[in-house]
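Values quoted throughout were computed directly from the atomic coordinates according to the rules given, and no laboratory measurement underlies them. From a predicted model like this one, the values you see are computed outputs, not experimental measurements. For neighbour counting, all protein chains shown are included, and Cβ atoms are generated from backbone atoms with ideal geometry for every residue, glycine included.
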Amino acid sequence: MNPRQQLLRRIPVIISLGFLTILILCVLIFLTYSHLDGKQQQANAGEYSSGQQVQTGVFERIILTWKENPATSQAVTWRTNSPTKAAVAEIAPADSSPDFQKNAQTFQATSIELQAGEKNAYYHSVNFTNLIPNTLYAYRVGSGDLRSEWFQFRTANDQAEPFSFIYFGDAQIQIRSLWSRTIRSAILESPRARFMIHAGDLVNHGDSDVQWGEWFDAAGWLFAMVPSMPAAGNHEYRNQKTSVKRLSPHWRPQFMLPENGIAELEETVYFIDYQGVRVVVLNSNSKAEKQARWLEEIFEQNPNHWTVIAFHHPIHASVYGPDENKHGKIWKPIFEKYNVDLILQGHEHIYARGFGQENNIRQVSGPLYITSVSGPKMYEIKSRRGMDRAGENMQLFQVISVSRDILHYRAVTVTGELYDAFDIVKESDGKKLFVEKIPGDLPERRFNSQQKN
């Protein structure tokens, strides 16, 4: 065999060895860069989170409330299903760069154990203090090497400035199934709302951990980013059909609220001042006289241009009878004396609002009373005394926007239709002009109405 023939026979072998060499080099290069990239990712993770892991589902029922001044503080509460050592919350001024995490400050949590059904749960609370007014913050909660995702909230301004908030009547039943669409529709309608008011009967059985779980699940991450101001309804009380009334054991562990109210009703009677509005939450279940004296005190020293009050049982009953209830007879003269602007109520599972007058544009004094319902349990109206606009068989939420001189109100169904609207124009001396804003000749919705919602 001549040399040329020998070379031709070796060519396939040479080619195979070449491909094998190239393949081996590619594998080595891939492994080298993968190792370096992994090390870089680990370095980045260590730089941003100090090796801490984000764990979904470990930290649940995260909710923002207030304990003190909303311009300089923010309270957060969450729970775990097992005991944890040194629960913490971290906070930093938010920034579009992920580098904001480097400036996070750590707050140690206060923890409490609570029997929840057949097991125990562990609630943790932190009150962030010394915050800067009108500033966007990011925060997360955790313990050990585990952390939640980051959430954001904005502190209130320390002076009067326009803003909006959302008001809900009773949720009470089928909370995850049907109330969920109310709160989610509300935040889509008013994505810049600064807080939410819940006018009682958040659940049907205040002792039920399952129902409280549904309430938190229905809102999901919304509660972790938009603060809530809850009022206690009759269904938040244990043994509600007896003479012994005891607040649900879930209430105080899961809501960190102001303690500027009265003794024996801690964290169910309170107020905050928010950008020119004094928002007062009352407890219509008991001790109306003590609350009346407290109201006189906080209204005598009220620097705000607007005053809004929320509680559960309506002053003017539209379902349970035409007579004012006990707390209504005690509180109503105080509301009128101090020219309160809005009274936000629940309990009756209908919609009703009014001053007790009929003109569309009129000068008014004293409060405008509103009752609404956000959940699926519905009643029929028995009395319309003092109500100018009413409705039945609708799940609603209300968006209230406040500026220096105008309070704009909208009641919206869960399917997006505007059902009621008005403006209150208020002068510096307290004189008020009421302007009806209902679109066109929109009829009232009743059980026997053929109008589609």
With +1 at each Lys and Arg Cβ and -1 at each Asp and Glu Cβ, the charge dipole magnitude of the range 54-154 around its Cα centre, to the nearest 20 debye, comes out at 100 debye
Net +/- balance of residues flanking TYR379 in space, Cβ distance below 10 Å, scoring K and R +1, D and E -1: -1
Those GluC sites (Glu not before Pro) from the range 385-453 that are DSSP loop and have at most 11 other Cβ neighbours within 10 Å turn out to be GLU427
I need to check one value: relative contact order of the range 54-154, counting alpha carbon pairs closer than 8 Å and at least 6 residues apart, in percent. 34 percent
Between ASN81 and ARG446, what length in nm is gained on full extension when 0.36 nm per residue of separation is reduced by their alpha carbon distance? 127.0 nm
Links that overshoot a 32 Å alpha carbon limit, given the list LYS119/LYS326; LYS382/LYS432; LYS67/LYS329: LYS119/LYS326
Once you have the Cα-Cα distance between ARG246 and ASN103, take 0.36 nm times their residue separation minus that, and quote the gain in nm to one decimal. 47.1 nm
Using a/c under 1.5 as the rounded threshold, could you call the range 75-128 rounded, prolate or oblate? The axes a ≥ b ≥ c are square roots of the C-alpha gyration tensor eigenvalues, and prolate needs a/b larger than b/c, oblate otherwise. prolate
Could you give the size of the charge dipole of the range 375-436 about its Cα centre, using +1 on the Cβ of each K and R and -1 on the Cβ of each D and E, expressed in debye and rounded to the nearest 20? 240 debye
Near LYS426, which aspartates and glutamates are there with a Cα under 17 Å away, not counting those fewer than 8 places off in the same chain? GLU161, GLU336, ASP341, ASP405, GLU436
Classify the range 163-436 as rounded, prolate or oblate, taking a ≥ b ≥ c as the square roots of the eigenvalues of its Cα gyration tensor: rounded when a/c is under 1.5, otherwise prolate if a/b is larger than b/c and oblate if not. rounded
Given R₀ = 22 Å, FRET efficiency for GLU296-GLU266 by Cβ-Cβ distance, to 0.05? 0.65
Please give the charge dipole size of the range 139-281, origin at the Cα centre, charges +1 on K and R Cβ atoms and -1 on D and E Cβ atoms. Round to the nearest 20 debye. 240 debye
Selection of GluC sites (Glu not before Pro), the range 81-189, meeting DSSP coil and at most 10 other Cβ within 10 Å: GLU118
At most 14 other Cβ atoms within 10 Å and a DSSP loop assignment: could you name the trypsin sites (Lys or Arg not before Pro) in the range 64-172 that fit? LYS85
Specify whether the C-alpha gyration tensor of the range 135-194 places it in the rounded, prolate or oblate class, a ≥ b ≥ c being the square roots of the eigenvalues: rounded for a/c under 1.5, otherwise prolate if a/b is larger than b/c and oblate if not. oblate
So in the range 265-406, what percent of DSSP beta bridges are antiparallel if you round to the nearest 5? 50 percent
Kirkwood hydrodynamic radius of the range 396-453 from all distinct Cα pairs, in Å? 12.9 Å
How many nm is it between the label spots at ARG192 and THR135, if each spot is 7 Å from the Cα in line with the beta carbon? 2.2 nm
